[in-house]
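All of the numbers you see were taken from the coordinates with simple rules; none came from a lab. Values in this document were obtained by computation on a predicted structure and should not be read as measured data. Methodologically, a virtual Cβ is constructed for each residue, glycine included, from the backbone with ideal geometry; neighbour enumeration extends over all protein chains shown.
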Amino acid sequence: MKKAFYTIWVFYKINTKRFFRDKLALFFGIGFPLIFLFVFGALNGNSNSVSFNVALINKSDSSFAKEFTKDIKGSKVLKVNKEVTTLSEAEDKMSRSEIDAAIVLPAEFGDVKKGEKYPSGQAEVLYTQNNQASGQALGSILDAQFKGINGKFTHTVQPFSVKTEQLSKKSLTAFDYTFAGLLGFAILGMGIFGPINVFPELKKMGILRRLSTTPLRVWQYFVSIMLGQATTGLISLAIMFAVAIGVFHLKVAGNYLELIAFIVFGIIMILGIGLALGGWAKNERQAAPLSNIIVFPMMFLSGTFFPRYLMPEWLQHVSGFLPLTPVIDGVRLIATEGVHLTAILPQIGLIAGWMVIVYLIAFKVFRWE
Amino acid sequence: MKAMIEVKDLKKRYGDKQAVDGISFDVKKGEIFGILGPNGAGKTTTLEMMETLREIDSGFVKIDGIDVKKNPQKIKYIIGVQPQTPAFQDKTRLTEVIEMFAAAYGEKVDPMEFLRDVDLEEKATNFVEDLSGGQKQRLSITTALVHGPKVFFLDEPTTGLDPQARRNLWELIEQVRDKGISVVMTTHYMDEAEILCDRIAVMDEGKIIALDTPKDLIKALLKRGFTKKQHVEQANLEDVFIDLTGKALREG
């Protein structure tokens, strides 16, 4: 038994060294996920502030209208497109969704009507069918703004009002979801694309066949690969965490030891899928189609690039059972919500279940040539 | 003396083709045994069944008294295998290749000692992809011997090598034999078989059609009244070809 583990140790040691000598492997294992991290991190960087692109068409020359126009142009929420000055131009841009809505101030807007003390008027918000949501939101924003202005002019008592208050409790940002998803993407990439590229090549060259004439057992070979994948995977993910914390201000709330244990668990389960595919395939042509069928649903439905809460409910139920989903959810729950392993037993159970299934298949279908 | 390898009525069928059709032979300790024959004669299949790589349909192979079919894992500890085209994972140093193969047997060895045996100690820290074809063959031979096997199998070891590398390999194979290891090899080259092999089995269509020492096989042929046509030609077709196309090397 001691000899059996010496075998595993030597294979693990030398293959891990080989990983660090191989520039291509380093790029796909470490560089590639980092590129995605930077791209998605930048995309999510300003997603906290909502803004609308609008056209402002002012037909009035009252001083109030001028003042109001200036206010709107200075607003952070409303981005006024300066090129648009007529309604037909605005309609044209709206039809192409280049702007969300048009605000029209009619000619008499802001005039003081005869017999009244204060200026008055009605602004119009125009939007197209496909922009209903932003049009209505914009309507309420302007409405609120006018109410504030009205209050300055007429000092009537407002018996009811709404006060909004921001809670100090931290909520998840879009980046928290994206980051967990990208970790999942990295785990998927290393665990599946690694074996399905390497194994058919090793078979073609007869390297596995040569190994099969030695007493080396399949389980010893698999365990040495698992250890290697866990090592390189942890290094790759550690670099991603460092970048996310340093550059994108990720706050890790959970316990690092629990996080590492959970990630290793997830890496080994996903690797099992790669071992089953690569171990079964005789050549690249066999490996590619089957792995695409298995990888793509996980890539798009497990929450790698877009969070699962955006999906319709029935799809959330189905995608919840994909192998990668509990890995991504678990990482997010530990890392950003700070829960303990005991709180994510459903995820751990699902991963364990998949692990049994994929490794049973992997051992069953493995062939040396 | 008791035989190291005992092959009895060995059979293998692929679909409707009887690849190996009931062959029997013995290999003694410390001899080089050659299996000759045209393509498709069943040489490689025979070798692969002895190496545990192919399922045996019927008959048996015993190596040092152990049945290959019943106990393949035990057999793996006492055989060494040289594939037709040796290949190694790239970005691996020569010392690491030796270390890994020894580890596959659960053993720890001094890699330099094994590299010295095949004259590769200067390349010890190079990566395997830097080796020439002949050097890869030599590395492959020494990796097949790390665990001190009793039998060494080679499948067409000199195919594709230049004349110098071939002769070097022959010497190495003889050295292996001189250590008391039984060598079983297949080959297409008659000069190789004649120089190297102590005994030869000639196979055709899955059967052994002759089995003896090279010398006795030739003697038997001459006894049957065979005479080689003796004539001296002033030129041959190659001379014609060179005369027509010139001696300069061509691109591509």
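Applying 1/(1 + (r/R0)^6) with r as the Cβ-Cβ distance of A:Glu91 and A:Phe363 and R0 = 41 angstrom yields a FRET efficiency of 0.05.
Taken about its Cα centre, the protein assembly as shown carries a charge dipole of roughly 1260 debye when the Cβ of each Lys and Arg holds +1 and the Cβ of each Asp and Glu holds -1. Which entries of A:Lys364/B:Lys2; B:Lys8/B:Lys108; B:Lys8/B:Lys74; A:Lys3/B:Lys12; A:Lys13/B:Lys179 show an alpha-carbon separation above 30 angstrom in the structure shown? Flagged as over cut-off: A:Lys364/B:Lys2; B:Lys8/B:Lys108; A:Lys3/B:Lys12; A:Lys13/B:Lys179.
Spin-label model, A:Lys282 to A:Val39: label points 7 Å out along the Cα-to-beta-carbon direction sit 3.6 nm apart.
Each semi-axis of the equivalent ellipsoid for the protein assembly as shown is √(5λ) with λ an eigenvalue of the Cα gyration tensor; in descending order they amount to 78, 28, 21 Å. In terms of overall dimensions, the C-alpha atoms belonging to segment A:281-339 reach 44, 25, 17 Å along their principal axes, ordered largest to smallest. In plain terms, the residue of A:Ser62, A:Ser95 with the fewest other Cβ atoms within 10 Å comes first and the most crowded comes last, giving A:Ser95, A:Ser62.
Under a model in which nothing but the beta-carbon of Lys, Arg (+1) and Asp, Glu (-1) is charged, segment A:223-369 shows a dipole of about 260 debye around its Cα centre. Comparing Cα centroids, segment A:65-120 and segment A:247-304 end up 51 angstrom apart.
For chain B, the alpha-carbon coordinates run over 61, 47, 38 Å along the three principal axes, in decreasing order. Taken as Cα centroids, segment B:130-171 and segment A:310-325 sit 56 Å apart, rounded to the nearest whole angstrom. The calculated pair-distance distribution of segment A:160-294 uses every alpha carbon pair, bins of 5 angstrom beginning at 0, and gives 2, 9, 16, 17, 15, 12, 9, 7, 5, 3, 2, 2, 1, 1, 1, 0, 0, 0 percent. When each of B:Glu122, B:Glu31 is scored by the number of other beta-carbon atoms lying within 10 Å, the sequence from fewest to most is B:Glu122, B:Glu31. Counts of other chain beta carbons within 10 angstrom of each beta carbon in peptide B:135-144 average 1. Farthest toward the dipole's positive end in segment A:280-369, which of A:Ile334, A:Thr304, A:Ile344, given Cβ charges of +1 (Lys, Arg) and -1 (Asp, Glu) about the Cα centre? The residue sitting farthest along the positive end of the dipole is A:Thr304. According to the calculation over all Cα-Cα pairs in segment A:27-107, the P(r) per 5 Å bin from zero is 3, 13, 18, 16, 13, 9, 7, 6, 6, 4, 3, 1, 1 %. Computing Rg and the Kirkwood Rh from the Cα coordinates of segment A:64-134 gives a ratio, Rg/Rh, of 1.03.
With semi-axes defined as the square roots of five times the eigenvalues of the C-alpha gyration tensor, the equivalent ellipsoid of segment B:122-161 measures 20, 16, 5 Å, largest first. Taking each DSSP H run with n ≥ 4 as -39500 (n - 2.57) and averaging over every residue of the protein assembly as shown yields -16000 deg cm²/dmol at 222 nm. A simple charge model with +1 on the Cβ of Lys and Arg, -1 on the Cβ of Asp and Glu and nothing else charged puts the dipole of segment A:67-162 at about 400 debye relative to its Cα centre. Ordering B:Val20, A:Leu142, A:Val358 by the projection of their Cα atoms onto the charge dipole of the protein assembly as shown, which places +1 on the Cβ of Lys and Arg and -1 on the Cβ of Asp and Glu, puts A:Val358 at the extreme positive end.
Panel note: the C-alpha atoms of segment A:227-369, placed on their principal axes, show extents of 47, 37, 29 Å (largest first).
What the Kirkwood sum gives for segment B:1-77 is a hydrodynamic radius of 12.8 Å, with every pair of different alpha carbons counted. Dividing the C-alpha radius of gyration of segment A:1-143 by 2.2 N^0.38 Å, with N its residue count, gives 2.01. With one equal scatterer per alpha carbon and no solvent term, the Debye-computed log10 I(q)/I(0) for chain A at 0.09 1/Å reads -0.68. Given a cut-off of under 8 Å on Cα pairs at least six residues apart, what relative contact order in percent is computed for chain B? Here the relative contact order equals 25 percent.
Note on segment A:1-80: dipole from Cβ charges, positive end direction compared against A:Ile72, A:Asn44, A:Phe5; the farthest Cα belongs to A:Phe5.
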